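Just so it is clear, none of the values below were taken in a lab; they were calculated from the coordinates. Quick caveat: nothing in here was measured; it's all calculated off a predicted structure. Don't worry about glycine lacking a Cβ; one is built from the backbone with ideal geometry, like all the others, and counts go over all protein chains shown.
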Amino acid sequence: MIKVEMLSTGDEVLYGQITDTNAAWLADYFFEQGLPMSRRNTVGDSLEDLIAVLKERSEQADILIVNGGLGPTSDDLSALAAAKAAGVELVEHQEWLLHMEKFFSERGRVMAPSNRKQAQIPANSEMVDNPVGTACGFAMQLNRCLMFFTPGVPSEFKAMVDKQIMPRLRERFTLPEPPICLRLTTFGRSESELAQSLDPLALPAGAVMGYRSSMPIIELKLTGPASLRKEMEAVWPEVRRVAGESIIFEGTEGLPAQIASRLKEKGLSIAVSEQFTAGLLCLQLSGADAPLGNSSVLSAREETLGELTRRAAQEAADTGCDITLVVGSLNDEHLNFALHTPGATHGLRVKFNVSRHALRTRQEVCAMMALNMLRRWLNDRDVAAEHGWINVVETLKL
């Protein structure tokens with residue numbers, strides 16, 4: 001087993017001032033490549049601590065991805081720490097220096113003297129190209145470990161891992177076949193309820209059922225070695241059956257993206273009118289490149305389910321869209337939804353069973369309910385469905 005680790009650097013990561021999305025992305029990316037990570041560490045902007053952890057992990061890991069600390073400022077210490085850990089000097093990489101000067105010149109800017117620091121790498125290292133930024137990466141061998149140093153900017157980091165680092169790893173190591181991971185995402189049932197229902201299933205030896213809870217959804221993942229593909233695919237229909245009506249999509253493509261695809265397949269356009277969800281629906285659908293027409297975010301108002309449902313039909317006429325999805329205001333723990341379609345207009349009134357969740361969480365749950373209402377209609381299902389701690393109390397169809 002190849003031992004793969006990641007080291008994230010920077011005070012802003014260590015102290016939680018920014019979320020380390022690079023670490024989460026890399027863990028998932030490497031898992032899909034058959035290289036599950038065994039450890040992740042975080043170190044602040046301390047030269048001594050960086051040197052120490054590089055020396056320590058060089059005796060334990062086969063591969064170490066170091067992220068961050070390659071910028072032009074004084075607190076960017078990764079290259080210097082790597083050189084000192086290896087007992088070599090920093091050298092200026094002339095090819096990369098010319099690349100940076102061209103980068104700035106093409107944008108009508110003058111490169112600051114401090115940027116020269118980004119062309120300095122340890123004397124015993126190999127420069128690793130950064131196709132989208134000014135900080136080059138580098139790779140070096142320290143004791144048993146092959147180390148890759150990468151910038152912290154997510155777009156630069158991901159491009160370097162995919163285009164520069166993975167090809168080098170495939171050349172250097174005999175990588176295992178990527179594991180099989182079957183995924184589906186549920187909405188409306190608790191993790192404990194799903195686990196209780198799925199635990200009795202007889203899974204193939206070596207396969208594991210995992211749960212990832214991220215309010216308001218829970219992802220089910222059946223993971224195992226590639227050699228178990230047939231056995232895992234044979235048991236997967238039973239997982240689907242147990243999850244039942246709570247399934248909102250399978251695979252890794254999210255619900256907004258799948259809805260956008262279905263709308264395009266059917267040649268349908270959609271407009272959104274939101275109150276309680278405050279623009280979340282529009283943000284999610286536009287981010288998925290859905291065929292979105294004129295949409296609106298309105299201030300809170302009291303409307304009956306009938307009034308909201310009739311407004312959905314009127315807004316379809318006003319916007320010229322085939323479908324209108326409307327989320328009303330929260331009043332006395334009740335919320336109204338409406339979905340106008342070419343065939344009918346559907347209204348749905350729900351009641352929150354509990355109010356302990358934060359406003360943002362409740363908005364995200366209601367945005368998911370609205371999208372699920374649309375998903376069910378697109379799949380020729382009844383638009384109404386129960387959602388755990390939210391109960392459907394009234395339906396309407398015009």
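Below are the figures for this structure:
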read-out	value
GluC sites (Glu not before Pro) restricted to DSSP loop in the stretch 236-321 with at most 11 other C-beta within 10 Å	E302
Among I218, L26, S38 - extreme Cα towards positive end, dipole of the chain, charges at beta-carbon	I218
Three-way shape call for the stretch 138-289 based on the alpha-carbon gyration tensor, with the a/c threshold at 1.5	oblate
Efficiency of FRET between Q141 and A112 - r from beta-carbon atoms, R0 56 angstrom, step 0.05	0.95
Relative contact order of the stretch 277-352, pairs being alpha-carbon contacts under 8 Å that are 6 or more residues apart, as %	26 percent
Rough spin-label spacing in nm, given labels placed 7 Å along Cα→Cβ, for R301 and D289	3.5 nm
Gained length - S190 relative to F104, 0.36 nm times residue gap less alpha-carbon distance	25.7 nm
Most mobile listed residue (I259, I51, I18) in the chain, GNM with C-alpha springs under 10 Å	I18
Selected from P167, M369, T345, residue furthest toward positive end of dipole (the chain; charges at beta carbon)	T345
Backbone N under 19 Å from the D75 label point (7 Å along Cα→Cβ), restricted to the stretch 93-127	114-115, 117-118
Helix-only mean residue ellipticity at 222 nm for the chain, each DSSP H run of n ≥ 4 adding -39500 (n - 2.57), per residue, nearest 500	-11000 deg cm²/dmol
About the Cα centre, charge dipole magnitude for the stretch 193-319 (Lys/Arg +1, Asp/Glu -1 at Cβ), debye	280 debye
Centre separation in Å (Cα based) which lies between the stretch 57-132 and the stretch 338-398	52 Å
D45 long-range amide H proximity, modeled H, under 5 Å	G10, D11
Only Lys, Arg (+1) and Asp, Glu (-1) charged, at Cβ; the chain dipole about Cα centre in debye	520 debye
Simple label model, 7 Å out from Cα along Cβ direction - K230 to V208, nm	2.5 nm
Using a Förster distance of 30 Å, the FRET efficiency for R183-R381 (Cβ separation, nearest 0.05)	0.90
Sites K3 and R262, calculated FRET efficiency, Cβ-Cβ separation with R0 56 Å, nearest 0.05	0.85
Rounded tilt (10° steps) of 21-32 against the dominant C-alpha axis of the chain	90 degrees
Two-site label geometry, H334 and E238: point separation in nm, points 7 Å out along Cα→Cβ	4.4 nm
Relative packing of 126-132, 179-185, 103-109, which averages over residues the other C-beta atoms within 10 Å, highest first	179-185, 126-132, 103-109
Sorted peptide list for 151-162, 197-208, 221-232, criterion being average Cβ within 10 angstrom, highest first	151-162, 221-232, 197-208
